[in-house]
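Report on the following structure.
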Amino acid sequence: MVNRTRLVEEFLELVKIDSLSGKERQMCDTLKRKLENMGYMPVEDNAGEKIDGNSGNILCTVKGTKNVPAIMLGAHMDTVVPGIGKKAIVDGDIIKTDGTTILGGDDASGIAIILETMKILKEENIPHGDIQIVFTVAEEVGLLGAKNLDYSKIHAKYGFILDSDGRIGSAAVKAPSHHKINVVIKGKAAHAGMEPENGISAFTIMAYAMANMKLGRIDEETTANIGIIHGGTATNIVCDRVEIEGEARSRQQDKLQAQTDHMKDCFVQAAEKFGGQVEFDYEVEYPAFNLPTDSGIISIMKSAAADCGIEFEAVVTGGGSDTNIINSKGIEAVDLSVGMTNVHSVKEQISIKDMIDAVTYLTAIIQNVK
């Protein structure tokens, strides 16, 4: 049975901790201590050194008593800005931010739910297979913790990552691949008042390219965006350099590549038209995943939902998470909802009832692994 008071107090303790991406040291130490107090032996890897952070990922294997496939329970330790000095307010069933920072329920709620679930398994002597708890760093800045996790130490067949919004019982089973795009447009500087005709404006090239570029919602599986633009040094100088960061996402690789190529073509053609140059590069930020309806992990979640009296819902997301990386390592993984709402904003909140229901559902999932 879920201990409501204990769950809420643990969540409130965790959200008070400053844990921005790359600066998860206090959160990591706190969680290692909590796991040790439960009788487990967590280890910290060297992901922090690889990404120039001050903390690594936590991996804690809890040996099971049932001969069933091992599972991974995951959540991330970092938060986005503004995330320093967070003050949570409990208003009846709702825990919310005070309006000056994020709450940090993304992903302290996932961590608290995992910890409460493990306490229930121990207190009620519930049989289970091996459980590998993974708390990652730097999820919010490119899934860096998951990318640098030592998967040779992971023997889980299924992964349940608690890091999604939506009602309890829903799980993301499809997510897109993401191309991170970087563009440099080179024009020619000139005095904007005395000889503008001798210059080539990198801004003009950029504007022409973007005016001819398909952006936003391309189709139900594909999106694209230009998000960051840097350029110019003074109003009296024709701008000769603009640096641009953008992205393209799709659940279909051929569509993703076609959109990326289209964006490149628009920049190249614009540069040729106005006599400038363009450098266009992209890298895969994370791969897509698409779990079939007859996969083992979906069967487990459906059975668990029936046991809890809730409705299972397989959902499609346009975002990325550690789940993308974990699936790419050959582990069937989903992103489970913990009920968080308005994440990454100063209006973030979460329902206590949702967290309790998430613990109940996760406990049932563990019992339904076969």
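The values are calculated or read from the model by the stated rules, or taken from the named source; none is laboratory data. Predicted model, so just to flag it, every value in this text is computed and none were measured. Virtual Cβ from ideal backbone geometry, glycine too; neighbours counted across all protein chains shown. Remember, those area values only see protein heavy atoms, side chains included, never the ligands or the DNA or RNA. Shrake-Rupley method; radii C 1.70, N 1.55, O 1.52, S 1.80 Å.
Residues of segment 244-277 being open to solvent by 40 Å² or more (accessible area, probe 1.4 Å), of a type in the set (A, V, I, L, M, F, W, C) and either more than 29 Å from the chain's Cα centre (by Cα) or on the phi > 0 side of the Ramachandran plot (or both), which ones?
Val268, Phe274
So Val316 passes all but one of these: (1) surrounded by 15 or more Cβ atoms within 10 Å (Cβ to Cβ); (2) under 20 Å from the mean Cα position of the chain (by Cα); (3) in the same structural domain as Arg167 (by the TED database). Which condition number does it fail?
Unmet for Val316, out of (1) surrounded by 15 or more Cβ atoms within 10 Å (Cβ to Cβ); (2) under 20 Å from the mean Cα position of the chain (by Cα); (3) in the same structural domain as Arg167 (by the TED database): (1).
Give me the pairs: first residue in segment 21-35 and within 13 Å of Gly104 (Cβ to Cβ), second residue at pLDDT below 95 and open to solvent by 10 Å² or more (accessible area, probe 1.4 Å), beta-carbon distance under 8 Å, and six or more apart or on different chains, which are they?
From segment 21-35, no pairs qualify.
Determine which single condition Gln269 fails, assuming it passes every other condition in (1) part of a helix (DSSP H, G or I); (2) closer than 28 Å to Tyr361 by Cα; (3) polar (S, T, N, Q).
So Gln269 meets the others, but not (2).
Need a quick list: helices (runs of 4 or more DSSP H) entirely within segment 275-370 having at least 1 residues that are touching a Cys at 6+ places or on another chain (Cβ under 7 Å) and not charged (D, E, K, R).
Numbers: elements: 296-308, 322-328, 352-367.
In segment 275-370, 352-367 are the helices (runs of 4 or more DSSP H) which contain 1 or more residues that are touching a Cys at 6+ places or on another chain (Cβ under 7 Å) and not charged (D, E, K, R).
Restricting attention to segment 324-337, does a residue exist that is under 30 Å from Glu243 (Cβ atoms), in contact (Cβ under 8 Å) with a residue 40 or more places away in the chain and not hydroxyl-bearing (Ser, Thr, Tyr)?
Kept after step one, since they are under 30 Å from Glu243 (Cβ atoms), are these residues of segment 324-337: 324-325, 328.
Filter once more, so that each one left must be in contact (Cβ under 8 Å) with a residue 40 or more places away in the chain: 324-325, 328.
Next, only the ones that are not hydroxyl-bearing (Ser, Thr, Tyr) stay: 324-325.
Yes, segment 324-337 contains a residue that is under 30 Å from Glu243 (Cβ atoms), in contact (Cβ under 8 Å) with a residue 40 or more places away in the chain and not hydroxyl-bearing (Ser, Thr, Tyr).
Would you mention how many residues in segment 338-348 are closer than 30 Å to Ala70 by Cβ and surrounded by fewer than 23 Cβ atoms within 10 Å (Cβ to Cβ)? Let's see the steps before the verdict.
Going through segment 338-348, the residues closer than 30 Å to Ala70 by Cβ turn out to be 338-340, 343.
Still in the running and surrounded by fewer than 23 Cβ atoms within 10 Å (Cβ to Cβ): 343.
So the answer is 1.
Return the only residue of Asp307, Asp354 being assigned by the TED database to the domain that holds Phe135 and buried (at least 17 other Cβ atoms within 10 Å of the Cβ).
Values: Asp307 fails: buried (at least 17 other Cβ atoms within 10 Å of the Cβ).
Within the list Asp307, Asp354, the selection yields Asp354.
Report yes if some residue within segment 188-196 is open to solvent by less than 60 Å² (accessible area, probe 1.4 Å), in a strand (DSSP E or B) and among the small types (Gly, Ala, Ser); otherwise report no.
no
How do the strands (runs of 3 or more DSSP E) wholly within segment 105-179 filter down when requiring 3 or more residues that are touching a Ser or Thr at 6+ places or on another chain (Cβ under 6 Å): which remain? Walk me through how you get there before you give the answer.
On the way: elements: 131-136, 158-165, 170-175.
Because the criterion is at least 3 residues that are touching a Ser or Thr at 6+ places or on another chain (Cβ under 6 Å), the strands (runs of 3 or more DSSP E) in segment 105-179 that meet it are 158-165, 170-175.
Take Thr30 and tell me if it is under 30 Å from Val369 (Cβ atoms) and either outside the structural domain of Asn148 (by the TED database) or at pLDDT below 95 (or both). Before the answer, list the steps.
On the way: under 30 Å from Val369 (Cβ atoms): yes; either outside the structural domain of Asn148 (by the TED database) or at pLDDT below 95 (or both): no.
No; evaluated as a whole, the condition is false for this residue.
Can you tell which of Lys96, Lys50, Lys63 is under 30 Å from Asn125 (Cβ atoms) and open to solvent by 30 Å² or more (accessible area, probe 1.4 Å)?
Working: Lys96 fails: under 30 Å from Asn125 (Cβ atoms); Lys50 fails: under 30 Å from Asn125 (Cβ atoms).
Testing whether each residue is under 30 Å from Asn125 (Cβ atoms) and open to solvent by 30 Å² or more (accessible area, probe 1.4 Å) leaves just Lys63.
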